[in-house]
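What follows draws every value from the coordinates through simple rules; no lab data is involved. Remember, predicted model here, so these are calculated numbers, not experimental data. Don't worry about glycine lacking a Cβ; one is built from the backbone with ideal geometry, like all the others, and counts go over all protein chains shown.
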Amino acid sequence: MTFLVSLTLDVADLAAAERFYVASGLGAHVRLRASEAPTDGFRGFAVSLTVAQPADVRGLVDAAVDAGATVLKPASKSFWGYGGVVRAPDGTIWKFASSEKKDSGPATGRVERTVLLLGASDVAETRQFYVGQGLAVAKSFGRKYVEFAAPEDAVTLALYGRKALAKEVGVPVDGTGSHRLVLGGDGAGDGVFTDPDGFAWAAA
């Protein structure tokens, strides 16, 4: 089975990005490399961190904002739980979410799951592409959402419709140029390919 191991963000200012990701505490979830590839608007993805309770969401949002991130959606309660969305100075969108609506104690500081949300132009087509690359489907809701199986220590890959994902994170759907993201894969084959929406994979 193929699965996602790492995320590498291409950033225009490597030193500034390193400072942000160290200060915010988000650096444990991504790798960084310098890139001048042109990009504009929505890059078609978001990194989602699932945590235990609202206090953990607020802690992540506050740490990111203190380090220089911009709030796209303030931390708040919703029908499905509690969450917030920020944009890092390099342009990467981060979503923090808990299925709990109330705190059961102080913030734990623990991230339970890292999920890469990819905005697909055709979720069903992209689902079939990834199945062909050796990924196993764990959850599927037609053309709306697909989640692939992953070991406990790996990154979970999920597909949304591009418009739905843009709405979910609070940004306009339009965007051009590089995704500024490389997915590190492990498993069957050489792990080097590009999906139907232009997201590039490399061997982890």
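Considering only DSSP beta bridges with both partners in segment 3-203, what is the antiparallel share in %, to the nearest 5? Of the beta bridges lying entirely in segment 3-203, close to 70 percent run antiparallel.
Sort Lys73, Lys139 by Cβ crowding within 10 Å, fewest neighbours at the top. Mind showing how you got there, number by number?
Working: Lys73 17, Lys139 11.
Fewest-to-most Cβ neighbours within 10 Å comes out as Lys139, Lys73.
Reducing segment 135-204 and segment 78-97 to their Cα centroids gives an inter-centroid distance of 17 Å.
The fewest-to-most ranking of Asp62, Asp56, Asp40 by surrounding Cβ atoms within 10 Å reads Asp40, Asp62, Asp56. Residue separation of Asp122 and Arg33 scaled by 0.36 nm, minus their Cα-Cα distance, works out to 29.1 nm of gained length. Database remark: amide H of Leu135 closer than 5 angstrom to the amide H of Thr2 (H placed geometrically; neighbours at sequence offset of 5 or more, or on other chains; Pro and chain starts carry no H).
Between Arg19 and Ala107, how many nm apart are label points set 7 Å from Cα along the C-beta direction? Going by the 7 Å Cα→Cβ label model, 2.2 nm.
When we measure straight from the Cα of Lys73, which lysines land under 20 angstrom away, once same-chain ones fewer than 8 places off are left out? Qualifying lysines at Cα under 20 Å: Lys95, Lys101, Lys102, Lys163, Lys167. From least to most packed, judged by other beta carbons within 10 angstrom and beginning with the fewest, Trp80, Trp94 follow the order Trp80, Trp94.
Between Val65 and Asp40, the simple label model (points 7 Å from Cα in the Cβ direction) yields a spacing of 3.0 nm. Report the normalised scattering of the chain as log10 I(q)/I(0) at q = 0.12, 0.16, 0.17 Å⁻¹, calculated by the Debye formula with identical scatterers on the alpha carbons. Rounded to two decimals, the profile gives -0.58, -1.08, -1.23.
For a straight C-alpha distance cut-off of 18 angstrom, the aspartates and glutamates reachable from Lys77 (same-chain residues fewer than eight places away being disregarded) are Asp56, Asp62, Glu100, Asp103, Glu168.
Which Cα, out of Ala69, Leu7, Tyr82, lies furthest along the positive dipole direction of segment 1-102 (beta carbon charges, K/R +1, D/E -1)? Of the options given, the answer is Tyr82.
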